[in-house]
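First the structure, in the form of structure tokens, and then the observations on it.
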Amino acid sequence: MLSYRQGMLYADDVSVEALASKFGTPLYIYSEKQLLNNYRSFESVFASVPHMVCYAVKANSNGAVLKTLAAAGAGADITSGGELFRVLKAGFPARKIVYAGIGKTEAEIEYALRENIFMFNIESLEELELMNRTAARLKKRARIAFRINPHVDPHTHHYITTGKSGVKFGIPYADALKVYKRAAGLSNIDVAGIHSHIGSQITAAGPFKLAARRIAEIVRRLSKAGITLSHVDLGGGLGIRYSKETPPTPAQLRDAVLPEFPFFKGTFVFEPGRYIVGNAGILVAGVIYRKTAGGRNFLIVDAGMNDLIRPTLYEAYHEIAAVSGTSRKKIKADVVGPICETGDFLGKNRLLPRLAQGERLAVQCAGAYGFAMSSQYNSRLRAAEVMVSGASHRLIRRREKYTDLELS
Ligand SMILES: *Cc1c(COP(=O)(O)O)cnc(C)c1O
């Protein structure tokens, strides 16, 4: 989505500087074109099999992002009643919604049953029992899959590893047959599928293949036991290139997993989040002050860990580009936010042109888990968000105001 024209940074055909001047900073900018390209390039590679691509809403739940993807035909993977509310408003049909999460409350289950969502991905026997009771009370049937933990190490950051043994997610592999047999005997449960999601920002095909193999083994065993599944949901987690990673392409992901299921005639479900929105968004920040301390140069900018927490939380790397001034001499600097935490940084030791106060820089690949994880920490106002579409743009969430910090 980014390019330089005469030394100025552009998001598609719109000047980043012009947007920052108009809307202020910190500012999230998304590219509609990149968003749709990402969705289509993922969806299209599975054309040879029945499939559903359910966008993992938690990566970015901005209304315009959701509406764009819903209109393109995507389904949604949700993790809360609030996400269900938002995706229904955005126009995702209930029959394309899958619901994950280890802690669904009875109220959330009831809401989703009333809306007739497609499938619940269940993570414990107690959740199964509550689902059955709630469905019976509402005179409904719940379509379910079990999230099975295949005990595969995805070699990603330990905070975003979900498919190893000893994490809170999923049903242990060894218990799979037992839980399916229990579900098959419940009056208001329809056993539809199996689900696995092993982690996020996975940059090799191997872990996906291994997980698929282990899931396929269960599908076979279930079939022998008389339980036939209609859906295999292989989750999300496909990594993107933040710096030097070389993640598999969607086609390479497909070629890793589909051959593990030669016997399966049902529908495959995928839940990409980061892949769809990650590189379709940037965070623009303005330089407030510059200083030198302990031999290091600091650029103190107006975006902090409350706007983008990934560097702080996962020591994640995001490329940072100057919005202008690219022909100037470069210096190494730490790009830090205004928040009272030493961990409040966007990038360390970055080679950047000498920027003046008020000039701007763009943190790249900030579309996923950026605004979605932002907060009002330090009573800061959350950033505005803009969608660029070719040469036009629109404000898709206004910047918060002090009245959004009202005491009650
Ligand atoms: C977070 C999550 C996803 C999306 O993960 P990405 O790494 O953003 O693709 C998909 N499925 C489930 C169950 C998740 O928790």
Set 64, 18: member being open to solvent by less than 20 Å² (accessible area, probe 1.4 Å), assigned to a helix (DSSP H, G or I) and more than 16 Å from the ligand (Cβ to nearest atom): 64
Residues (among the polar types (S, T, N, Q) and either in contact with a helix residue (DSSP H, G or I) (Cβ under 8 Å, 6 or more places away or on another chain) or modelled with pLDDT of 95 or more (or both)) located in segment 313-341: 324
Residues of segment 143-169 that turn out to be of a type in the set (D, E, K, R), away from the ligand (no atom under 13 Å from the Cβ) and closer than 19 Å to residue 128 by Cα, as a count: 1
Number of positions in segment 214-242 that are open to solvent by 20 Å² or more (accessible area, probe 1.4 Å), within 16 Å of the ligand (Cβ to nearest atom) and over 28 Å from residue 316 (Cβ atoms): 1
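Here's the yes/no breakdown for (1) basic (Lys, Arg); (2) within 14 Å of the ligand (Cβ to nearest atom):
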{"site": "267", "(1), (2)": "no, no"}
{"site": "277", "(1), (2)": "no, yes"}
{"site": "306", "(1), (2)": "no, no"}
{"site": "310", "(1), (2)": "yes, yes"}
Boolean, residue 113 is modelled with pLDDT of 95 or more, assigned to a helix (DSSP H, G or I) and either touching an Asp or Glu at 6+ places or on another chain (Cβ under 8 Å) or within 21 Å of residue 206 (Cα to Cα) (or both): no
Whichever residue in segment 363-382 is more than 16 Å from the ligand (Cβ to nearest atom) and touching a Leu at 6+ places or on another chain (Cβ under 6 Å) and, among such residues, is least open to solvent (accessible area, probe 1.4 Å): 363
Qualifying residue in segment 170-186 (condition: assigned to a loop (DSSP other than H, G, I, E, B), more than 16 Å from the ligand (Cβ to nearest atom) and either small (Gly, Ala, Ser) or buried (at least 20 other Cβ atoms within 10 Å of the Cβ) (or both)): yes
Some residue of segment 304-313 being assigned by TED's automatic domain parsing to the domain that holds residue 157 and out of contact with any strand residue (DSSP E or B) (no Cβ under 9 Å at 6 or more places or on another chain): no
Flag for residue 59 being modelled with pLDDT of 95 or more, within 13 Å of the ligand (Cβ to nearest atom), more than 13 Å from residue 233 (Cβ to Cβ) and of a type in the set (A, V, I, L, M): yes
Scan of segment 1-32 for residues that are closer than 16 Å to residue 62 by Cβ and within 24 Å of the chain's Cα centre (by Cα), ordered by number: 1, 11, 26, 27, 28, 29, 30, 31, 32
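The values are calculated or read from the model by the stated rules, or taken from the named source; none is laboratory data. None of the values given here were measured: they were computed from a predicted structure. Backbone-built Cβ (ideal geometry, glycine too); neighbour counts: all protein chains shown. Please note that ligands, DNA and RNA were not included when accessible areas were found on the heavy atoms of the full protein model with its side chains. Shrake-Rupley method; radii C 1.70, N 1.55, O 1.52, S 1.80 Å.
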